[in-house]
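Student: The structure is given below, and queries will be raised subsequently.
The values are calculated or read from the model by the stated rules, or taken from the named source; none is laboratory data. All values reported here derive from a predicted model rather than from experimental measurement. Because the Cβ atoms are built from the backbone with ideal geometry, glycine has one as well, and the counts that use them run over all protein chains shown.
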Amino acid sequence: MTFLGVFLGLLYSFGGLIVDLLTVGLNWGTAMAFGALIIMPIAFGTVGFICGLISHLIMSFIKKLLA
């Protein structure tokens with residue numbers, strides 16, 4: 001999940017940079033896009049960890065029921 005966040009962060013930031021280069025000047029959108037390079041991998045890694053934890057708890061519960 002973290003690698004997906006890095007990829008989407010790169011895609012978003014360079015897309016924003018291209019839009020800003022084609023318009024009058026740089027704005028806060030560019031800074032936010034490059035900030036996404038840091039935030040998106042952290043967010044996706046956190047979501048992946050939480051999903052893994054929840055699936056582990058569900059599987060442990062099912063394992064106890066069947067055993």
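Student: What number of residues within segment 1-41 are more than 27 Å from Leu53 (Cβ to Cβ) and not in a helix (DSSP H, G or I)?
Tutor: The qualifying residues number 5.
Student: Testing Gly48 on (1) part of a helix (DSSP H, G or I); (2) loosely packed, with under 13 Cβ neighbours inside 10 Å, one condition comes back false. Which one is that?
Tutor: (2)
Student: Being in a helix (DSSP H, G or I) and hydrophobic (A, V, I, L, M, F, W, C) is the filter here, so list the residues in segment 51-67 that pass it. It would help to see each step written out before you state the result.
Tutor: The initial filter retains those residues of segment 51-67 that are in a helix (DSSP H, G or I), namely 51-66.
Cys51, Leu53, Ile54, Leu57, Ile58, Met59, Phe61, Ile62, Leu65, Leu66 - these are the residues of segment 51-67 that are in a helix (DSSP H, G or I) and hydrophobic (A, V, I, L, M, F, W, C).
Student: Condition first: surrounded by 13 or more Cβ atoms within 10 Å (Cβ to Cβ), modelled with pLDDT of 75 or more and polar (S, T, N, Q). Now tell me which residues in segment 9-35 satisfy that.
Tutor: Ser13
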